[in-house]
Amino acid sequence: MKFLIFFVLFFMLSCSSVNKNSENSNLKQNTITLAFVGDVILHERLRTREEKTKEGYQVIWQEIQAYLSSADLTYANLEGPVAPDIGGMGTYPMFNFPEKIIPNLKDSGFDVVSTANNHALDRFSIGIKKTIANLNKYKLSYSGTISSEKALVDRSETWWALTPINGSAQSVAWLACTEATNGMADKNNQVLHCFKDREKIKSYIQQLSVDASVAFIILNPHWGTEDKFKIARYRSIWAQEMIDQGAVAVVGSHPHVIQKIENINSADGRKAVVNYSLGNFVSNQRNLKNRLSIIYYIKMQMEANGQYTLKESKALPLWMNRTIKKDRTAVYRLTPIWDFAKLPKEIKKTWFENINTEYLFKDEDELKSFLNIPSVQ
């Protein structure tokens with residue numbers, strides 16, 4: 001009898017993950033919900049606050065934690081090396097982040113990060129190797145960089161990440177790339193470049209598309225012009241090409257502002273989506289437009305033939321509150337935006353000029369319904 005009680009308790013505990021709530025899993029409806037956030041940039045002021053308080057970086061997004069962990073898979077762009085033993089911490093223009101950010105992301109339910117961005121080489125080739133080692137240490141998946149070309153040859157690494165789908169033998173494939181590396185030469189070919197490696201990326205998508213263990217493919221390009229909302233035509237062409245090859249979504253970052261979302265069709269008629277920029281997730285950029293970002297959700301549905309198709313996508317606007325304390329440190333807290341009237345007019349203007357109303361949740365109840373989060377009675 002004691003053994004039976006122990007078994008039941010163990011089973012209940014094992015089913016109540018801190019990171020992903022299986023009771024809220026959309027897989028019961030044969031759907032998968034993905035959550036995307038933008039750039040994670042640990043500027044000096046963010047690090048100084050953490051060094052003083054030791055509270056953990058996750059307090060920054062604690063108010064929206066349920067909206068992240070209730071998705072089946074969650075993504076962020078890690079905007080710089082995590083290699084503190086290579087030259088110490090670093091801020092703009094040569095970033096280097098503390099190791100702590102990785103377990104903080106992992107413990108908050110993040111499943112995969114992009115490491116292909118313009119700051120990937122801020123600690124040179126060794127910095128990429130150290131970052132990958134630290135990501136592996138905490139078992140946080142990554143895409144867009146490799147330790148060495150040899151690792152590709154012996155297949156110990158790939159350019160893409162595969163994140164398993166709970167209750168399935170299949171995985172989601174994530175493939176990240178960057179448009180630039182701030183003029184730093186990629187001497188050892190450790191970074192996947194969106195345009196220079198265009199044909200390679202197409203071949204990777206084709207390879208993944210015929211792999212029965214891959215449910216669908218997400219691309220994460222780091223591209224665009226900082227602080228600008230306009231989309232260059234050549235980037236739209238690139239996105240269409242990759243969708244035509246077999247990707248279901250292109251979700252980008254780098255401009256540090258939100259950019260438009262558009263539904264498109266592949267050459268063979270599949271539904272797909274392009275989100276050009278998610279904006280910042282965590283940063284000390286103070287301009288109003290840089291403090292507005294989104295959690296972007298994509299919901300995929302399994303059809304009768306076992307294939308996943310795009311069902312819908314939505315966006316939750318986020319606002320970065322920044323408060324200067326008497327000790328000159330700054331407190332950062334991300335909050336969801338339910339009422340634009342409570343923020344500067346520029347924020348509402350920025351949002352509605354770039355994101356169509358069809359993507360906006362009308363209220364928190366609709367978001368909770370979308371994520372299968374039980375409402376408090």
> Which is in contact with an Asp or Glu (Cβ under 9 Å, 6 or more places away or on another chain), part of a strand (DSSP E or B) and among the polar types (S, T, N, Q), of T323, T309?
Replying inline: T309
>> Condition check: in a loop (DSSP other than H, G, I, E, B) and surrounded by 12 or more Cβ atoms within 10 Å (Cβ to Cβ). Does Q301 satisfy that?
In response: no
> Name the pairs whose Cβ atoms lie under 7 Å apart, with the first residue in region 150-169 and acidic (D, E), the second modelled with pLDDT of 95 or more and surrounded by 18 or more Cβ atoms within 10 Å (Cβ to Cβ), and 6 or more positions between them or separate chains?
Replying inline: E157/I146; E157/S147
>> Out of the residues in region 118-144 meeting the condition of being in contact with a strand residue (DSSP E or B) (Cβ under 6 Å, 6 or more places away or on another chain) and of a type in the set (A, V, I, L, M, F, W, C), tell me which one is farthest from A185 (Cα to Cα).
In response: L135
> at pLDDT 95 or above and not in a loop (DSSP other than H, G, I, E, B): does that describe P255?
Replying inline: no
>> Restricting to region 114-134, give me the number of residues that are closer than 18 Å to D39 by Cβ and either surrounded by fewer than 24 Cβ atoms within 10 Å (Cβ to Cβ) or of a type in the set (S, T, Y) (or both).
In response: 4
>> Out of the residues in region 67-113 meeting the condition of being among the polar types (S, T, N, Q), within 18 Å of L46 (Cβ to Cβ) and part of a loop (DSSP other than H, G, I, E, B), tell me which one is modelled with the lowest pLDDT.
In response: T91
> Counting only residues that are charged (D, E, K, R) and loosely packed, with under 12 Cβ neighbours inside 10 Å, how many does region 304-345 have?
Replying inline: 7
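The values are calculated or read from the model by the stated rules, or taken from the named source; none is laboratory data. Keep in mind it's a predicted model, so treat the numbers as computed, not measured. Positions of Cβ are generated from backbone atoms using ideal geometry, with glycine treated the same way; all protein chains shown enter the neighbour counts.
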